[in-house]
Amino acid sequence: MILSLGERLELIEPDELNEKRTGLVFITGSSSAKKVLSQAGIVYEGEINLSDVGFSKIETQQDCLCGSFCIPKLLDVLESRYRIQFFVNRDSIVLIDDDDFSKRLINRIRRRKIHQGETKEKFIYNFITEFMNRDLEMLGQYEKRLMHMEEDIMHDKTMNFQSELMPLRRELLILRGYYDEIADMGKELEDNENGFFLKKQLKYFGVITDRADRLMGKTQHLLEYAQQVKDAYQAQIDARQNSNMQFLTLISTIFFPLTLITGWYGMNFQNMPELEKGYPGVILLSLIVIIVCILIFKKKKII
């Protein structure tokens with residue numbers, strides 16, 4: 001897939017390359033990446049292996065910028081990624097993608113945007129913001145999940161709480177790192193070390209950095225909220241354990257004098273006059289002790 005930069009991105013055929021050598025965007029797979037890079041006038045000695053892409057980053061080389069996107073899939077943040085390598089020189093942009101994710105993004109840009117890519121800077125801005133345009137909505141869904149979990153804690157519905165919270169926190173940690181990488185990429189593009197971009201167009205990269213910073217801040221806020229929800233859950237667990245311990249302590253306190261009574265009368269001394277009718281007497285004494293203990297506990301508001 002080859003596109004010509006302009007207010008509208010136009011598809012061009014490979015045989016038209018001789019007529020137009022500048023302002024092109026190439027989208028290809030890793031199997032034909034070397035050939036396409038050569039067509040775009042980019043010399044890259046490294047290996048093209050998308051499975052090795054683990055971070056979103058950019059590197060400035062003498063003749064080009066090369067980098068990668070490692071984008072978490074919204075429905076499977078913990079496991080799945082869209083992996084893309086890209087190259088930029090003075091004339092062209094090359095996107096290497098085996099999942100056709102880049103093609104889907106560009107088709108969305110062509111359907112939705114009026115100004116689709118008059119310059120390299122505008123195209124890169126549209127491309128990056130397009131795969132980030134649903135992220136704020138997604139973070140809002142995380143916030144709603146945390147709010148529901150907090151309500152469940154208040155209503156003592158904590159079954160499977162840990163199994164729900166821990167994956168959610170891991171997803172937020174992954175997203176925070178991802179937004180940090182995109183923010184660093186925006187700053188690197190804004191530095192324009194190779195001078196590939198027009199100075200008046202660098203504002204687009206500043207917008208990318210600002211958006212990534214805002215999303216990272218939102219994610220950090222959600223991580224802190226998740227920690228507060230976890231603390232509330234732990235406080236409820238501690239309160240429940242304290243209540244159980246208090247109940248056991250009350251039972252132990254009531255039965256301690258009963259144990260003393262049974263031990264005392266279990267010695268069976270001959271000169272104890274109450275031994276003749278000791279069984280009902282001990283029962284009556286035990287009931288009196290229990291009632292007295294309960295009255296004392298109620299008076300002191302222990303139960």
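Please treat every number below as a calculation from the coordinates, not as lab data. Only a predicted model underlies this, so the values are computations on that prediction, with no experimental measurement involved. Cβ sites come from the backbone with ideal geometry, for glycine too, and all protein chains shown count toward neighbours.
Charge tally around Arg214: other residues with Cβ under 14 Å, Lys/Arg +1 each, Asp/Glu -1 each, net -2. If the limit is 23 Å between Cα atoms, which of Lys120/Lys200; Lys122/Lys144; Lys73/Lys144 go over it? Flagged as over cut-off: Lys122/Lys144. With a simple spin-label model that places each label point 7 Å from the Cα along the Cα-to-Cβ direction, the separation between Arg240 and Ser38 comes to 6.7 nm. With respect to the chain, whose longest principal axis is taken over its alpha-carbon atoms, helix 135-154 is tilted by about 0°. Measuring nothing but how far apart in sequence close Cα pairs (under 8 Å, 6+ apart) lie, relative to its length, the chain scores a relative contact order of 15 percent.
The charge dipole of the chain, taken about its Cα centre with unit charges on the Cβ atoms of Lys, Arg (+1), Asp and Glu (-1) only, comes to about 1120 debye. Distance between the 7 Å Cα→Cβ label points at Asp210 and Leu260: 7.7 nm.
Angle of helix 101-112 to the longest C-alpha principal axis of the chain, folded into 0 to 90 degrees and rounded to 10: 80°. The helix-based estimate of mean residue ellipticity at 222 nm for the chain, built from -39,500 (n - 2.57) per DSSP H run of four or more residues and divided by its residue count, is -19500 deg cm²/dmol to the nearest 500. To the nearest 10 degrees, how steep is helix 278-299 against the longest Cα principal axis of the chain, on a 0 to 90 scale? Approximately 50 degrees, to the nearest 10.
Return the percentage of antiparallel bridges among DSSP beta bridges fully within segment 1-133, rounded to the nearest 5 %.
Numbers: 24 of 29 bridges.
For segment 1-133, the DSSP antiparallel bridge percentage is about 85.
Summary value for segment 3-131: 29 percent relative contact order, contacts being C-alpha pairs under 8 angstrom separated by 6+ residues. Among Leu5, Tyr44, Ile84, pick out the residue whose Cα is farthest towards the positive end of the charge dipole of segment 1-133, where Lys and Arg carry +1 and Asp and Glu carry -1 on C-beta, about the Cα centre. Comparing the listed Cα positions along the dipole, Leu5 ranks first.
Would you mind putting 213-224, 138-149 in packing order, based on average other-beta-carbon counts within 10 Å, highest first? If you can, show how the numbers build up before the last one.
Values: 213-224: 16.9, 138-149: 15.2.
Result, highest mean Cβ count within 10 Å first: 213-224, 138-149.
Working note: Debye formula, equal point scatterers on the alpha-carbon atoms of the chain, no solvent; log10 I(q)/I(0) at q = 0.13, 0.16 Å⁻¹ is -0.95, -1.22.
Only counting other Cβ atoms within 10 Å, I'd like Val53, Val94, Val289 sorted with the fewest neighbours first.
Details: Val53 20, Val94 24, Val289 17.
Starting with the residue having the fewest Cβ neighbours, the order is Val289, Val53, Val94.
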